[in-house]
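Each value in this text was obtained by applying a stated rule to the coordinates, not by laboratory testing. Small disclaimer: the values here were computed from a predicted structure and weren't measured. Methodologically, a virtual Cβ is constructed for each residue, glycine included, from the backbone with ideal geometry; neighbour enumeration extends over all protein chains shown.
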Amino acid sequence: MSTTSPPQSELIWVDGPDGYALALDGTTMVCRNAKGRRLKTVPKKVRESAEAEQLTSVRLWLERHERECAERVESWLLGSLPVPAPMIARVWPDPAWRDLLADLFVAPADGGEGGFLRGVDDQGRIGVVDLDAESAWLDADRVALVHPVLIDDLDEVREFALELGITQRLPQLTREIHRKPAEVAAGSTAVTDYSGGEFEQLRQATGRAQRYGFSVRGGYAVCRVGEAGRSLQARYWIGSEMPDYETETGTLIWVDADERPLRLADVGPVAWSEGVRMAELIYAGRKNTQEETQR
């Protein structure tokens, strides 16, 4: 399979003061002296130079760009959004995009066998390594970044990825999943398994939610997902008192785009998995964890 996976670029050096030169290695500023030897640290007078300030501005832009790329790719994964193959081809040469997309498990959006994304050819075709360890081209105009809860035989796919030495910049196969029980209470709209988690201060619960990338609104930790063309939110009650007051977690619910609670029976596998994952991550930080362990 011949794909356009650009090699690592050589560093581009910018002349600095007193014969020093500066470059960005990823988002790290590096320096070499007049003899061309790369230094372990950037000298103070070079670090405070106009050239260093310019590179710092570039570095900040690159870091922001990487964050925005990561947020977009994760939204494709959580939103079950079909991604046009030409879009992947267009962004693939950019290292920020390529590092996130490489080795993700993708499949044709309209159904069919998938594989691990390995590259894009000159015609814009998506190249993968399939589950038979064969190189293949996806014959699809749109592809899906498959949420792990939707991957058949996930444990086997994970083992196969280990055999291939695959590592993913954006955790996909290693993402914790939670499968919806075969039966849920008829008419129920809430999960109570994660209620009663006590925190000495509300800010501890909100801080834990934000640390894992969830927003907090109106007393709820919120996770946005998309499923079957619908925009949904999983909401987990963590409290709405003053930040330094004690709080106790409540129920986990799902709402649609019109803020209407969904019956648990109507919550799809991706929304269920991500909602429960959010609740578990926050609930694990409760102060009564140790007491429960000692019982």
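As I understand it, the dipole of the chain uses +1 on the Cβ of Lys and Arg and -1 on the Cβ of Asp and Glu, about the Cα centre. Which of Met242, Gly196, Gly226 lies farthest toward its positive end?
Of Met242, Gly196, Gly226, it is Met242.
For segment 71-164, how big is the tail of P(r) above 23 Å, as a whole percent of Cα pairs?
17
Quick one: what are the phi-derived ³J(HN,Hα) couplings along segment 275-282, Karplus 6.51/-1.76/1.60 with θ = phi - 60°, whole Hz, x for glycine and proline?
Computed from phi, the couplings for segment 275-282 are x, 5, 4, 4, 4, 5, 4, 6 Hz.
Based on Cα positions only, what radius of gyration and what Dmax would you give for segment 163-295, in angstroms?
Over segment 163-295's Cα set, Rg and Dmax evaluate to 15.7, 50 Å.
Using alpha carbon coordinates only, what is the Rg to Rh ratio of the chain, with Rh defined as the Kirkwood radius?
1.06
At 7 Å along Cα-to-Cβ for each site, give me the label-to-label distance between Gln123 and Arg37 in nm.
5.3
Give me Met242, Met278 ranked fewest to most by other Cβ atoms within 10 Å of their Cβ, as a rough exposure proxy. Intermediate results must be reported in sequence, preceding the final value.
On the way: Met242 11, Met278 23.
Going from sparsest to densest Cβ surroundings: Met242, Met278.
Evaluate the charge dipole of the chain about its Cα centre and quote only its size in Debye, nearest 20, assuming +1 on the Cβ of each Lys and Arg and -1 on the Cβ of each Asp and Glu.
The calculation lands at about 1220 debye.
So for each of 166-174, 56-64 I average, over its residues, the number of other beta carbons within 10 Å; can you give me the resulting order with the highest mean first?
166-174, 56-64
Go ahead and set up a Gaussian network model of the chain, Cα springs under 10 Å, then flag whichever of Asp25, Asp256, Asp139 fluctuates most.
Of Asp25, Asp256, Asp139, the most mobile in the Gaussian network model is Asp25.
In whole Hz, what ³J(HN,Hα) sequence does segment 233-242 give by Karplus (6.51, -1.76, 1.60; θ = phi - 60°), x for Gly and Pro?
Per residue, the Karplus-derived 3J(HN,Hα) values read 10, 8, 10, 10, 6, 10, x, 9, 7, 5 Hz.
If I take R0 = 25 Å and measure r between the Cβ atoms of Arg260 and Glu176 in this structure, what FRET efficiency does the formula 1/(1 + (r/R0)^6) give, to the nearest 0.05?
Efficiency, from the Cβ-Cβ distance: 0.35.
Report the per residue volume, in Å³, of the convex hull enclosing the C-alpha atoms of segment 14-69.
Looking at segment 14-69, the number lands at 70 Å³ per residue.
Suppose only helical runs count, i.e. DSSP H with n ≥ 4. What mean residue ellipticity at 222 nm does that imply for the chain under -39500 (n - 2.57) per run, divided by all residues and rounded to the nearest 500 deg cm²/dmol?
-9500 deg cm²/dmol
Just to compare against my own numbers: the Cα pair-distance distribution for segment 44-202, 10 Å bins, whole % per bin, please.
Over segment 44-202, the share of Cα pairs per 10 Å bin runs 9, 30, 26, 18, 13, 4, 1 percent.
What is the distance in Å between the Cα centres of segment 180-197 and segment 45-70?
Taking the Cα centre of segment 45-70 as reference, the centre of segment 180-197 is 47 Å away.
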